[in-house]
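Taken together, the values in this text are just the output of simple stated rules run on the coordinates, not laboratory data. Because the structure is a prediction, the values reported are computed rather than measured. Note that each Cβ is placed from the backbone with ideal geometry, even for glycine, and that neighbours are counted across all protein chains shown.
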Amino acid sequence: MTDEPMGAEACFGEEPARDSRFQVKQRWSECCNLPDDHPQKRTEFLHRQMNEELNSLEISSRALTDFPDAAWALRLRIARQCADEARHALMFRKVMEQRGGFVGAYPVLNFQYRIVCRLATLEARLAVQNKTFEAGGIDALATAVTETAQAGDVDLLRLFEYQEADEIAHVRYANEYLRSAMAADPRVALDVARALTEASRAFAEVFGSAAHRIRYEVSTGTRLEAGFLPDEIRGATAALARKKTAGMQR
Ligand SMILES: [Fe+2]
Ligand SMILES: [Fe+2]
């Protein structure tokens, strides 16, 4: 392994399988970016979320099959996460279809799977998927729950509340596991740091200038519930601000 920084293309692995209904894209700019007041904006969002939940399910499933020797207690947590993510995908599909959408109606991205499943260790995968992507998800959900409650959209509010409770638990077990793994072996911290750098390079490649349109902020309350330390939350706040600024400069 070399210490030379990797180019963005090398930070992506293979695509997950999708049937012919799906239109799979590689960059955000190739997707269906509707204006906020478009009548299909919400349906497109729900379709995208459904596919993101599939990515989470596929990443967790691969963690079980690729690391059969991991501790049983950790494998049990990952298996439970598989069940949660499958339930989330079904919930999003149902609400999306109730609002006039259908599977394959809009293009999808599988960047999470492509970024995470090429990583060689379970620790690196949990750091990128649960501690980074899903932690960003709980920040976004905190905003979504507030906005949906204000709009009086009860069906969607229930979905977001169920999802938020599950995602907090996913982030928390990864935080707890990674903290003890790093305490037992400092090399884990180096492996994780390398994976996070590569993931952030790949994420920037996928989203380009769209990153500055991120509307949510880091949610201190939910991150504390999810097992982050105050210093880590300050770091995440600074990283999100950098991501938005970098998007503006592209
Ligand atoms: Fe989920
Ligand atoms: Fe999750």
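Observations on the structure shown:
- Gain in span if fully extended, ASP69 to GLU147, counting 0.36 nm per residue against the direct Cα distance: 23.8 nm
- Reducing the range 169-230 and the range 45-104 to their Cα centroids gives an inter-centroid distance of 19 Å.
- Estimated [θ] at 222 nm from DSSP helical runs (n ≥ 4, -39500 (n - 2.57)) normalised by residues in the chain, nearest 500: -22000 deg cm²/dmol
- Protection proxy ranking of 128-136, 20-28, 211-219 - average other beta-carbon atoms within 10 Å, highest first: 128-136, 211-219, 20-28
- Membrane-span-like helices in the chain, defined here as complete DSSP H runs extending at least 18 Å along the helix axis by their C-alpha atoms with mean Kyte-Doolittle hydropathy no lower than -0.5, are 72-98, 134-151, 154-184, 187-207; this is a sequence and geometry rule, not a statement about a membrane.
- Segment VAL154-LEU34, extension gain: residue separation times 0.36 nm, minus the distance between their alpha carbons: 40.8 nm
- Across the range 20-249, C-alpha contacts under 8 Å between residues 6 or more apart give a mean separation that, scaled by the residue count, equals a relative contact order of 24 percent.
- Extension gain for TYR162-ALA239 works out to 25.0 nm (0.36 nm per residue, less the C-alpha to C-alpha distance).
- Taking label points 7 Å from Cα along the Cα-to-Cβ direction, ASP19 and THR197 give a separation of 4.3 nm.
- Local electrostatic count at VAL108 - Lys and Arg +1, Asp and Glu -1, tallied over other residues with Cβ under 13 Å: 0
- For the chain, the tally of Lys pairs with Cα-Cα distances below 27 Å comes to 10, considering only residues 8 or more apart or on different chains.
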